[in-house]
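Everything on this sheet refers to the single structure shown next.
The values are calculated or read from the model by the stated rules, or taken from the named source; none is laboratory data. In this text, all values refer to a predicted model and were calculated from it rather than measured experimentally. As a convention, Cβ positions derive from the backbone with ideal geometry for all residues, glycine included, and neighbour counts pool all protein chains shown. Side chains are part of the model used for accessible areas, which takes the heavy atoms of the whole protein and leaves out ligands, DNA and RNA. Shrake-Rupley method; radii C 1.70, N 1.55, O 1.52, S 1.80 Å.
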Amino acid sequence: MTLVDAIPGSEYIVESMELNEKVGRRLEALGLIHGTKLEVLNRKKNGTMIFKVRGTRLAIGKEISAGILVKEVEA
């Protein structure tokens, strides 16, 4: 599943990112890499996704979140 399909309040693990190189490198610099756990905080109607990763809140657009593949954390 992609991050755009994620449910607010749930935790996910990043499996891979299918983004252009510039955006991918920027997200990696912010700590969003394979195996990183993130918590989805909010999803706006326009597609903006707000999530917490490594103690930092990030907001990304729908196009970027559609390129991040995640899996739900098993409880």
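Here are the numbers for the structure shown:
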item	result
Residues being open to solvent by less than 30 Å² (accessible area, probe 1.4 Å) and not β-branched (Val, Ile, Thr) - total across segment 1-15	4
Selected residue (criterion: farthest from Ala6 (Cα to Cα)) from residues of segment 38-75 that are among the basic types (Lys, Arg) and at pLDDT below 95	Arg54
Residue, surrounded by the fewest Cβ atoms within 10 Å (Cβ to Cβ), within segment 20-53, restricted to residues that are assigned to a loop (DSSP other than H, G, I, E, B) and under 12 Å from the mean Cα position of the chain (by Cα)	Gly35
